[in-house]
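First up is the structure itself, then whatever we jot down about it.
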Amino acid sequence: MSALSVFYAILFYVATLILVIGVVRKITQYARTPAPLKIPTTPAPTTQTGVVLRMAREVVLFSSLFKSNKWTWIFGWLFHFSLLLAFFRHLRYALTPDCFIWPLIDLELVQAAGKYAGLGMAAGLVGLFGRRIFVDRVRYISSPSDYFMLILLLAIAASGLSMSFVSHPDIVNLKGFILSLITLGWNGWVNMPTDGLLITHLTLVILLMIIFPISKLLHAPGVFFSPTRNQVDNPREKRHISPWGKALDDAEADA
Amino acid sequence: MADFEIPVLNEYTRTPDLKKGVMAHLKPFVAKEVLQQPLNFPGELVENWEEKAVAKLGELKGKYRSLQVFLDICVKCGACTDKCHYYLGTSDAKNMPVARQDLLRQVYRRYYTFAGKFWAKLGMPWMVGAKDMTKDVLDDWYSYYHQCSQCRRCSVYCPYGIDTAEISMAAREIMDSIGVGQKYCNEIIGKVYKIGNNLGLPEPALADTLEGLEEEVKADTGVDVKFPLDVKGADILLITPSADFFAEPHVDGLIGYAKVFHEAGVNWTMSSYASEAANFGMFIGSYENMRRISRRIRKAALDLGVKRIVFGECGHAWRVAYSFLNTLAGPWDFLDPRYPVPQHICEFTFDLMKQGKLEFDKSQNDHRVMTYHDSCNVARASRMGDKPGGQMTIPREIIKATCNNFHDMPKDTIGEATFCCGGGGGLLTDDLMEVRVKGAQPRMEALKNVVDNNGVTHMAAICAICKAQFTKVLPYYGFTMDQIVSVHQLVSDAIVLNRKTD
Ligand code: SF4
Ligand code: SF4
């Protein structure tokens, strides 16, 4: 392997570890922290099924954001939906044709949608960036890190788009490199293409993976743990008690 | 009338341009040692308070998932920035929900996140919105966490449901733990421990008041409507905010409940030991104090041997009652399992209405054209009846059954989108009058809308704080203080008494 490939292979593994371990640690922390009181924002569903539906509306449609601000909703939703489409398109660089979802990923529709989704991402991000700069309230609450996050994502989208629409890297070579990384070199290591755009794109994505578990990007797993959205509204029917709340009761019963 | 500018009322809610620091001067009185002590809080700012505050934050985020998750996941999208009535009324940047959260989040980031610690080492914590725990930060906390009524409106609009109320409660608890308590709340909690209610009304005075009410109703209607106190073996224990015992228009509501109980023919009582529905333990974010207050109700229910518990009209109280009472003071296995514990007086009245056990002469309320103010914590932190949203429909059904004229305020100001009265969450004190008046602006705007367009004359509410707050702030906006009424006051005026014997 070339020095460049070795360097990126290491980066890739380190970033993956940071991402996975970081997110798992955070999820464990959220799951382990007690929720001592029932605090769903009402009106709230009175059944577990209802809660699943509520959560689905939030993460698929961003329903609360829709109620809140149509501009932020349209830009935010456009960005996230496009990201999802782009992600599907990218799976073809990491999967082999014998994978069960390959036929789906390989569909012309999925590939084309993923390609143009890059434009959707960029448009959504530019919109969000614009709000951050031009709306006095949003500007006030923004830190450099908030701008940085948008710029990073925008740069990822832009470098990706350039490869789709302007100068194509050697995809076959790239796929070989990625598969060799995924299989831990089982079938031998492959060198990565030395395409400037591609290297930029990969570097930025690796940066994003590292930042993910130490930033507000935690909203992705975090939203599922938000007690105001994931609790069933049944406090009268079913006694809700946390371990530390119960300890207070027990201490008193003993006294 | 006031040494501050009173906001003008626009036709519809509009979002003001942001101003910096215009409300920073407003701070409630600090609790002296005698008031801190009964709640087990230090009497004055402790030594090393910076470290202790940071440590307390660490402790709380380990005890409350809401706090831990909310501190992490805000993406600064800004969706909540124009949703708080205090921002709308004051234009102060730090009254935007996310900015209010950030006052605590900046400290969390600085001491508990990799990014914050990393950038602090480079001397640039602001890169990631982190900040050292300093006196300035504490001052900001004290000002702005006492300009949040914990109304949860921001939570409705946040894509992740981030509830600034949770953050405010945590911040107040941290401040209490380092000896910086708010006089109003902590004094009141002390009174509950000592006497049994927020007003410090002792048993004899209470008995006297209730006797007076019996006479008043008798003189008015010729009917012996009872206001029983400490009756052992009664079926129903009524827990009501102590303001109901004498404040206007609260007391008219209490008379309404008594008439409903009378017509239902039930055996009921109040308790002098637990003569308070409100639970200020929630306002200061203290589980321990909230629990201690709640358990007075358990004790009263056990001592009196009642079978059911019904709560009077009170907003934050209903949140604690509906959402937390089972947790804090349950299980209620010694009560009659056929009824929810606790029940709201509106649920009680509505059930009787459905069974055809109440008769109303609506014309008695014909001098009123009504609208209804959804109290924030009833709307967004509780329920009535067995369907989501019952907390909005049931009180309206009661109003419509007792009045001929009813108009709702604009849609984006009622229901789950309701604007707080401006005085909730421990802000109902004269030292915070400026933020109370300014924070009432969005509600006053909505009221003006229906007054101008539909000829509305009165607004009904089911919260002791809302009623007290509106009595005070309505005049600032050119209304009169008697334009706020209790829902059960309407019931009281329209109910046909002694129907069974007719
Ligand atoms: S809870 Fe209510 S008062 Fe507090 S920040 Fe949110 S909207 Fe404002
Ligand atoms: S709406 Fe929620 S995520 Fe957006 S800025 Fe406000 S608190 Fe943060």
- Query: On average, how many beta carbons from a partner chain sit within 10 Å of the beta carbon of a residue in A:220-226?
  - Reply: 6
- Whole-Hz ³J(HN,Hα) from phi, Karplus 6.51 cos²θ - 1.76 cosθ + 1.60, for region A:144-149, glycine and proline x: x, 4, 5, 5, 4, 4
- Express the relative contact order of region A:3-254 as a whole percentage, based on alpha carbon pairs under 8 Å and six or more residues apart in sequence. 35 percent
- Query: Hey, if we sort A:Asp233, B:Asp493, B:Asp412, A:Asp254 by accessible area with the 1.4 Å probe, largest down, what's the order?
  - Reply: A:Asp254, B:Asp412, B:Asp493, A:Asp233
- Roughly how many Å is it from the Cα centre of region B:147-185 to that of region A:71-88, as a whole number? 32 Å
- Of the cross-linked pairs B:Lys226/B:Lys472; B:Lys83/B:Lys411; B:Lys194/B:Lys259; A:Lys246/B:Lys183, which ones have a Cα-Cα span greater than 21 Å in the structure shown? B:Lys226/B:Lys472; B:Lys194/B:Lys259; A:Lys246/B:Lys183
- Query: Per residue Cα convex hull volume for the protein assembly as shown, in cubic angstrom?
  - Reply: 180 Å³
- Message: If the elastic network links every pair of Cα atoms under 10 Å, which of A:Gln111, A:Gln231, A:Gln48 fluctuates the most in the Gaussian network model of chain A?
- Response: A:Gln48
- Task: No other cysteine beta carbon under 4.7 Å away is the test; run it over the protein assembly as shown and list who passes.
- Result: A:Cys99, B:Cys74, B:Cys77, B:Cys84, B:Cys148, B:Cys158, B:Cys185, B:Cys314, B:Cys346, B:Cys403
- Among A:Tyr8, A:Ile214, A:Leu181 the positive-end extreme of the charge dipole of region A:3-254 (Cβ point charges): A:Ile214
- Message: For chain A, set up a GNM with springs between Cα atoms under 10 Å and report which of A:Lys67, A:Lys238, A:Lys38 has the largest fluctuation.
- Response: A:Lys238
- trypsin sites (Lys or Arg not before Pro) within region B:344-414: which are DSSP loop residues with at most 16 other Cβ atoms inside 10 Å? B:Lys357
- Message: Just to confirm a number: summing +1 for Lys and Arg and -1 for Asp and Glu over residues other than B:Arg396 whose beta-carbon lies under 12 angstrom from that of B:Arg396, what do you get?
- Response: -2
- Message: Leaving out ligands and nucleic acids, and using a 1.4 Å probe, what accessible area per residue does region B:437-498 come to in Å²?
- Response: 25 Å²
- Message: For region B:1-106, which trypsin sites (Lys or Arg not before Pro) pass both filters: DSSP loop (anything but H, G, I, E, B) and at most 13 other C-beta atoms within 10 Å?
- Response: B:Arg14, B:Lys20
- Message: Using only Cα atoms and rounding to the nearest 10 degrees, what angle (0 to 90) does helix A:70-90 make with the longest principal axis of chain A?
- Response: 50 degrees
- Message: Helix A:171-182 against the longest principal axis of chain A: what's the angle in degrees, Cα atoms only, rounded to the nearest 10?
- Response: 50 degrees
- Task: Would you grab the residues whose amide H sits under 5 Å from the one on B:Ala277? Only those 5+ places off in sequence or on another chain, please, with H modelled 1.01 Å from N.
- Result: B:Thr240, B:Ser242
- Exercise: per-residue mean of other protein chain Cβ atoms within 10 Å, B:122-133: 2
- Item | Gaussian network model of chain A, Cα within-10 Å springs - most flexible of A:Ser159, A:Ser145, A:Ser82 | A:Ser145
- Here the Kirkwood hydrodynamic radius of region B:1-56, Cα-based and in Å, equals 15.9 Å
- Task: Please give the net charge around B:Tyr339, taking every other residue with its beta carbon less than 14 angstrom from that of B:Tyr339, where Lys and Arg add +1 and Asp and Glu add -1.
- Result: -3
- If A:His240, B:His250, A:His168 are ordered by their accessible area, calculated over protein heavy atoms with a 1.4 Å probe, which sequence runs from highest to lowest? A:His168, A:His240, B:His250
- Return the long-range amide H neighbours of B:Gln182 (sequence gap of 5 or more, or a different chain), with a cut-off of under 5 Å between placed amide H atoms. B:Ala31
- Item | Table column - 3J(HN,Hα) (Hz), region A:204-214, Karplus curve with 6.51, -1.76, 1.60, x for Gly and Pro | 5, 5, 4, 4, 4, 4, 6, 6, 3, x, 10
- Have a look at A:Phe87, A:Ile21, A:Gln48 and report the one farthest towards the positive end of the charge dipole of region A:1-90, computed about the Cα centre with Cβ charges (Lys/Arg +1, Asp/Glu -1). A:Gln48
- A student applying the Cα gyration tensor rule (rounded when a/c is under 1.5; otherwise prolate if a/b is larger than b/c, oblate if not) would label region A:27-156 oblate
- Query: After finding the eigenvalues of the alpha carbon gyration tensor for region A:3-254, what semi-axes result from the square roots of 5 times each, listed largest first in whole Å?
  - Reply: 39, 24, 19
- What's the local net charge at A:Leu217, with K and R +1, D and E -1, over the other residues with C-beta under 15 Å away? +3
- For the pair A and B, how large is the buried accessible area, both sides, in square angstrom to the nearest 100, if the probe is 1.4 Å? 5700 Å²
- Task: Enumerate by residue number the trypsin sites (Lys or Arg not before Pro) in region B:190-260 meeting two conditions: DSSP loop (anything except H, G, I, E, B), and at most 13 other Cβ atoms within 10 Å of the site's Cβ.
- Result: B:Lys232
- Which percent of the accessible heavy-atom area of the protein assembly as shown goes to carbon and sulfur, probe 1.4 angstrom? 61 percent
- Task: Please turn the phi angles of region B:11-18 into ³J(HN,Hα) values with the Karplus equation 6.51 cos²θ - 1.76 cosθ + 1.60 (θ = phi - 60°), one per residue in order, whole Hz, x for glycine and proline.
- Result: 5, 10, 4, 10, 8, x, 5, 6
- Between helix B:183-194 and chain B: long-axis angle, C-alpha atoms, 0 to 90°, nearest 10: 50 degrees
- Message: Give me, ordered by chain and number, the residues 5 or more places off B:Met459 or on other chains with an amide H under 5 Å from its own placed amide H.
- Response: B:Thr371, B:Ile484, B:Val485
- Which of A:Gly114, B:Leu103, B:Ala401 sits closest to the plus end of the dipole of the protein assembly as shown, meaning its Cα is farthest towards the positive end, when Lys and Arg get +1 and Asp and Glu get -1 on the C-beta? A:Gly114
- Take the alpha carbon gyration tensor of region A:122-230, find the square roots of its eigenvalues, order them as a ≥ b ≥ c, and report rounded if a/c is under 1.5; if not, report prolate when a/b exceeds b/c, else oblate. oblate
- Note on region B:1-141: alpha-carbon gyration tensor, axes a ≥ b ≥ c; rule is a/c under 1.5 for rounded, else prolate if a/b larger than b/c, else oblate; result oblate
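The values are calculated or read from the model by the stated rules, or taken from the named source; none is laboratory data. Just so it is clear, the structure is predicted and the values come from calculations on it, not from any experiment. Cβ atoms come from the backbone with ideal geometry, glycine included; neighbour counts cover every protein chain shown. Ligands, DNA and RNA are excluded from the accessible area calculation, which covers all protein heavy atoms including side chains. Shrake-Rupley method; radii C 1.70, N 1.55, O 1.52, S 1.80 Å.
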